[in-house]
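Single-structure report; data block below.
The values are calculated or read from the model by the stated rules, or taken from the named source; none is laboratory data. On a predicted model such as this, the values are computed, not experimentally measured, just so you know. So basically every Cβ, Gly included, is an ideal-geometry build from the backbone, and we count neighbours across all protein chains shown.
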Amino acid sequence: MDLGCPDRTPLMCQFSIGHMLLQLNASPAEFWHDVGVFADGLIRLREIYDFDGVLVSLHGHDPGWTTGIQSRRKLTDGEEIVWKDGRRVLYLFYDLPQPMSEEKQGPSLAELSIDSLPAILDYIPVSQGLKFKIDPEHRFDIFHRVREKIGSEYSLHGEITSPFDYFLDLIGHQEGLLGLLNEPEKSKEILKHFTGLIKHLALEMCEEDVDAIKVSSPFAGAGFISPKFYREFVLPFEGEIAGAVRNRRVHIYTHTCGAVSDRLDLMFEAGVSGIECLDPPPLGNVELEDAKRRTRGRGFIKGNIDSVDTLLHGTKVAILEDARRRIEVGKEGGGFILSTACSVAPHVEREKLLLLREAVERWG
């Protein structure tokens with residue numbers, strides 16, 4: 001991440017929740033809500049795959065989470081919890097939790113008052129309709145647990161979410177994207193508000209002995225907004241957060257899925273230390289050779305093995321050859337971490353993912 005040349009190409013992939021659950025055979029609800037189960041699972045997966053770091057994707061677990069349960073029952077593909085506040089959620093063995101309760105319709109962008117926006121950041125917008133509540137008294141407990149067990153030998157990464165994600169989660173994806181066109185100034189007011197909250201959270205996270213912070217920004221690719229709108233509605237807000245974090249001498253990198261070849265240079269204009277995913281065709285449109293050439297000296301890159309077409313469906317020979325080629329392209333001049341482009345798909349077999357460690361030992 002410092003753009004130096006290490007003794008060996010670093011290896012660190014991001015996991016899907018489904019892959020973690022299938023490998024650990026854990027209770028999906030306990031893995032999601034219990035800080036001890038989640039932390040121990042992350043550490044165990046690092047050990048299994050011999051990765052060079054741990055990404056803590058959820059933080060702020062409530063230690064008293066079970067007190068909110070009204071009923072809980074096992075299902076063939078997971079378990080169901082009905083919460084005392086009326087929510088019903090399916091916790092699956094192979095995927096993210098699935099909220100089954102009907103979401104309350106929020107105000108439209110036109111109706112929304114800036115004064116009604118949250119004063120503190122107490123949730124993570126994980127996916128459409130799925131939020132992870134941050135307990136204000138236990139926001140960073142998990143970092144202490146993980147660091148205590150991995151020591152200083154392995155890299156520890158935290159995660160925050162882009163202001164653009166909070167905006168879309170608040171307004172709704174369709175109305176939010178239309179709002180960029182129809183009410184750009186109000187959209188920017190909302191983005192600015194969330195930027196302040198996220199920056200505050202990120203700076204506090206910097207004090208938790210993390211080596212890097214990942215900015216989850218999956219909706220900022222070419223499938224959602226143009227480069228022009230990226231510059232206007234994403235770049236300045238993520239850039240403010242990135243600058244504040246780097247001033248604390250902590251690395252920060254952006255995770256954007258899909259087609260980003262037309263905005264690779266823009267992504268680095270935010271002042272981040274690096275970028276990840278770099279999805280190759282057919283998932284995205286980034287060729288590693290081109291990305292390496294365009295980003296050399298500007299920051300590190302992390303990627304870009306296709307988790308579906310290569311790892312899920314590929315043979316051992318094909319996986320090793322793909323990893324070899326990416327290592328040889330990426331490692332030249334340093335600043336490269338071998339990884340899957342996006343998350344390791346749930347049903348990728350353990351033996352296939354272990355091939356990446358073999359590849360870095362042979363060619364890295």
- Message: Going by what's in this entry, would K214 be described as more than 16 Å from I160 (Cβ to Cβ) and of a type in the set (K, R)?
- Response: no
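Can you tell me how many residues in region 69-105 are under 27 Å from the mean Cα position of the chain (by Cα) and either within 21 Å of S16 (Cβ to Cβ) or surrounded by 14 or more Cβ atoms within 10 Å (Cβ to Cβ) (or both)? Before you say what the answer is, go through the steps one by one.
So in region 69-105, the residues under 27 Å from the mean Cα position of the chain (by Cα) come out as 77-81, 83, 87-105.
Those still in the list that are either within 21 Å of S16 (Cβ to Cβ) or surrounded by 14 or more Cβ atoms within 10 Å (Cβ to Cβ) (or both) too: 77-81, 83, 87-100.
Within region 69-105, residues that are under 27 Å from the mean Cα position of the chain (by Cα) and either within 21 Å of S16 (Cβ to Cβ) or surrounded by 14 or more Cβ atoms within 10 Å (Cβ to Cβ) (or both) number 20.
Check region 187-207 and report whether any residue there is part of a strand (DSSP E or B), within 21 Å of the chain's Cα centre (by Cα) and of a type outside the set (F, W, Y). Give the steps one after another, and end with the answer.
Filtering region 187-207 down to residues part of a strand (DSSP E or B) leaves none.
No, region 187-207 contains no residue that is part of a strand (DSSP E or B), within 21 Å of the chain's Cα centre (by Cα) and of a type outside the set (F, W, Y).
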- Of the conditions (1) part of a loop (DSSP other than H, G, I, E, B); (2) at pLDDT 95 or above; (3) of a type outside the set (F, W, Y); (4) touching a strand residue (DSSP E or B) at 6+ places or on another chain (Cβ under 6 Å), L90 fails just one. Which one is it? (1)
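Check A323, A318 and return the single one that is surrounded by fewer than 24 Cβ atoms within 10 Å (Cβ to Cβ) and in contact with a helix residue (DSSP H, G or I) (Cβ under 8 Å, 6 or more places away or on another chain).
On the way: A323 fails: surrounded by fewer than 24 Cβ atoms within 10 Å (Cβ to Cβ).
Only one candidate passes the filter, namely A318.
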- Query: Is there any pair linking a residue in region 178-205 that is more than 19 Å from T254 (Cβ to Cβ) to one that is among the aromatic types (F, W, Y) and not in a helix (DSSP H, G or I), with Cβ under 9 Å and at least six apart or on different chains, and which?
  - Reply: E204/F140
- Task: Tell me, yes or no, whether region 116-138 has at least one residue that is over 24 Å from A345 (Cβ atoms), in contact with a helix residue (DSSP H, G or I) (Cβ under 8 Å, 6 or more places away or on another chain), surrounded by fewer than 12 Cβ atoms within 10 Å (Cβ to Cβ) and charged (D, E, K, R).
- Result: no
- Message: Can you report the number of residues in region 284-307 which are outside any strand (DSSP E or B) and either among the acidic types (D, E) or touching a Pro at 6+ places or on another chain (Cβ under 9 Å) (or both)?
- Response: 6
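Restricting attention to region 186-218, which residues are charged (D, E, K, R) and either touching a His at 6+ places or on another chain (Cβ under 8 Å) or over 11 Å from E240 (Cα atoms) (or both)?
Within region 186-218, the subset charged (D, E, K, R) is 186, 188-189, 192, 199, 204, 207-209, 211, 214.
Selection gives K186, K188, E189, E204, E207, E208, D209, D211, K214.
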- Inspect all residues belonging to region 300-307 and state whether any of them is buried (at least 23 other Cβ atoms within 10 Å of the Cβ), β-branched (V, I, T) and either farther than 21 Å from G223 by Cα or at pLDDT 95 or above (or both). yes
- Where in region 30-85 are there strands (runs of 3 or more DSSP E), lying fully within it, with 1 or more residues that are acidic (D, E) and at pLDDT 95 or above? 78-83
- Flag for Y230 being at pLDDT 95 or above, in a strand (DSSP E or B) and among the hydroxyl-bearing types (S, T, Y): no
- Item | Only listed residue being crowded, with 21+ Cβ neighbours inside 10 Å and of a type in the set (K, R), chosen from R293, R263, R231 | R263
